[in-house]
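Quick notes on the structure that follows.
The values are calculated or read from the model by the stated rules, or taken from the named source; none is laboratory data. Here the structure is a predicted model, which means the values were calculated and not measured. All Cβ positions, even for glycine, are placed from backbone atoms using ideal geometry, and neighbour counts span all protein chains on display. Accessible surface areas use protein heavy atoms only, side chains included; no ligands, DNA or RNA. Shrake-Rupley method; radii C 1.70, N 1.55, O 1.52, S 1.80 Å.
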Amino acid sequence: MGEIVSLSKFLTVLRRRVRLIVAVLLICLLGTGAASALAERSYTATAGLYFSVRTAASVDDLAVGATFSQAQLASYATLAVTPKVLQPAAQHLGLAGGADALAGKVSVTALDGTVVLNVSAVDPAPALAARIANAVADEVITAVEALSPENAAGGGSAVEVTVVTPATTPSSATSPNTTLNLGAGAVLGLLLGILLALGREALDTRVRTAAELAEVTRTPVIGTLGTESGRRKGVVMERAPHSPQAEAYRQLRTNLQFLDVGGRREGAEGGHRVLTVSSSLAGEGKSTVAVNLAIALAETSARVLLVDADLRRPSVASVLGLEGAAGLTTVLLGQAELAEVVQDWGTAGLQVLTSGALPPNPSELLGSVGMRRLLTELRSDYDYVILDSTPLLPVTDGAVLAGLVDGTLLLVNVTQVRRHQLAESLRNLAQVEAPVLGVVLNQVARDERSYGYGVDEQAVKVTGPARPPAPGRAPEPVPARSAR
């Protein structure tokens, strides 16, 4: 079972890092291909020499001669690359440098079990390679016959050397071997890519899956949101209400409604009704999640108020296209009543309280008695109050606010947040005894096509309000405005 899990994890890493592996593979292929194209072409020509003994009066003599020739073949191969052979061959060819000029170009191979010696020559010029091979073969014959013992029967050398395969001009280069080089480059690139992928995976501490989240905390995952391109970010619940992403928000809404109510704070009758949406870092998408979650809750005919409690970089007003000059800070400073600054948005009955003017002391204002009284009032007036909070690590506002509400949804952007950052955020919430309802994984890569159910967005036409107005609301809701 452990081997299966390890293999599954290995394959998961390969799928996750497939772009890196392919990139390294292509680089190695391009590198070896370019090296092969730019390398100097070399041609190889080979001459074959056959060795025999002249005195062979009987079959036994032939066997003895063959054995002798095979035993001496290695010596003949060594002789072929000595100056005694190469020097006269270079002089015959008219090459400057003598034996040294041929030393790196000539190689000799003794074929096992035979009396055949192959003399090969390599040169950028194919014709010269053939001339060198033949010249060296001729000098081998001369040297062997000069060094061999005399034939007792008729004089002369006892060893006879015959050229059985004269070297011819090669028609194709033997080096570089482009096919072999590309194959080696592919293997090298694949192995290097896998090693780099495993190395990157070992150094990557991002929290990308529920399994990796479980290594940091036991807090459950209550929502998983897919990726959206930059041009599609915004109010997906209004822009594409039947898309897989919109359904993911509805699933998050359903999970919230079924959360255990035993962890609610005193006075929070009816369960977790006042919630903050926060994250560890800026730019994880908490405002987008807070807005779309509030709309999803409003679709159930619940009375929902979305509050922009990020008093440092508020974005709810700009996302929903609302006036943000008066809002939460206006109410907390006693400059207006709540009913005067709450704005209606969309056809689902959502109400929004923007941030208002930015104060110099946001943490103190959010932790003030006035904020506590306001939350108490909101609990009695609304079924759900969703507060868009600040990130937990850069500033303390988010932790201060989390200590006043019924629960916190901690957004984790799988492309940004590291494990130690998530652990630190959870410690900050624990220090103020803030209940964490669950973690919402954001920007999770998945095939959205597999989540579709055949709904044609173009065929869906909104011809009127999505539901009757909530109690105490104006009979005609404000028309929905596109997110900016």
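Quick notes on this structure:
- Residue within the stretch 350-357 that is modelled with pLDDT under 95 and out of contact with any helix residue (DSSP H, G or I) (no Cβ under 8 Å at 6 or more places or on another chain) present: no
- Candidate set from the stretch 45-61 (those that are farther than 14 Å from A135 by Cα and among the polar types (S, T, N, Q)); member that is modelled with the lowest pLDDT: S58
- Flag if A248 is open to solvent by 60 Å² or more (accessible area, probe 1.4 Å) and assigned to a helix (DSSP H, G or I): no
- Residue that is of a type outside the set (F, W, Y) and at pLDDT 90 or above, where the choices are E299, E266: E299
- Against the numbered list (1) over 38 Å from the mean Cα position of the chain (by Cα); (2) without any contact (Cβ under 8 Å) to a residue 40 or more places away in the chain, A317 comes up short only at (1).
- One residue from G356, G349, G370, G334 being more than 43 Å from the chain's Cα centre (by Cα), at positive phi and of a type outside the set (V, I, T): G334
- Inspection of the stretch 336-358 finds no residue satisfying the criterion of being outside any loop (DSSP other than H, G, I, E, B) and more than 24 Å from I295 (Cα to Cα).
- Selected residue [assigned to a loop (DSSP other than H, G, I, E, B), in contact (Cβ under 8 Å) with a residue 24 or more places away in the chain and touching a Phe, Trp or Tyr at 6+ places or on another chain (Cβ under 9 Å)] from L322, L311, L306: L322
- Given (1) farther than 18 Å from Q416 by Cβ; (2) modelled with pLDDT under 90; (3) touching a helix residue (DSSP H, G or I) at 6+ places or on another chain (Cβ under 9 Å); (4) among the acidic types (D, E), index of the condition D260 fails: (3)
- Residues (in contact (Cβ under 8 Å) with a residue 40 or more places away in the chain and either closer than 26 Å to Q443 by Cα or among the basic types (K, R) (or both)) located in the stretch 170-207: G193, I194, L196, A197, L198, R200, E201, T205, R206, V207
- For V277, the requirement of being more than 19 Å from L365 (Cα to Cα), in contact with a helix residue (DSSP H, G or I) (Cβ under 6 Å, 6 or more places away or on another chain), buried (at least 24 other Cβ atoms within 10 Å of the Cβ) and not basic (K, R) is not met.
- Residue check, T329 of a type in the set (V, I, T), surrounded by fewer than 16 Cβ atoms within 10 Å (Cβ to Cβ) and not in a loop (DSSP other than H, G, I, E, B): no
- Candidates A66, A89, A101, A77, filtered to the one that is part of a helix (DSSP H, G or I), at pLDDT below 85 and among the aliphatic types (A, V, I, L, M): A66
- Residues in the stretch 409-436 that are in a strand (DSSP E or B), open to solvent by 20 Å² or more (accessible area, probe 1.4 Å) and aliphatic (A, V, I, L, M): V436 alone.
- Just one of the listed residues (A167, A133) is in contact (Cβ under 8 Å) with a residue 24 or more places away in the chain, in contact with a strand residue (DSSP E or B) (Cβ under 6 Å, 6 or more places away or on another chain), among the small types (G, A, S) and assigned to a loop (DSSP other than H, G, I, E, B), and it is A167.
- G113 being among the small types (G, A, S), more than 30 Å from I27 (Cα to Cα) and in contact (Cβ under 8 Å) with a residue 60 or more places away in the chain: no
- In the set T46, T12, only one residue is in contact (Cβ under 8 Å) with a residue 40 or more places away in the chain and open to solvent by less than 60 Å² (accessible area, probe 1.4 Å); that residue is T46.
- Residues in the stretch 366-390 that are in a helix (DSSP H, G or I), touching a residue at least 12 places away in the same chain (Cβ under 8 Å) and either open to solvent by 20 Å² or more (accessible area, probe 1.4 Å) or not aliphatic (A, V, I, L, M) (or both): G370, R372, T376, E377, R379, D381.
- Cβ-Cβ under 7 Å pairs, at least 6 apart or on other chains, the stretch 208-227 side crowded, with 16+ Cβ neighbours inside 10 Å, far side among the basic types (K, R): V216/R419; G226/R446
- Within the stretch 168-191, the set of residues being hydrophobic (A, V, I, L, M, F, W, C) and either open to solvent by 70 Å² or more (accessible area, probe 1.4 Å) or at positive phi (or both) comprises L180, V187, L188, L190, L191.
- Residues (closer than 18 Å to V319 by Cα and either touching a Cys at 6+ places or on another chain (Cβ under 8 Å) or among the aliphatic types (A, V, I, L, M) (or both)) located in the stretch 349-384: L350, V352, L353, A357, L358
- Whether a residue is assigned to a helix (DSSP H, G or I) and surrounded by fewer than 20 Cβ atoms within 10 Å (Cβ to Cβ) was assessed, and A143 passes this test.
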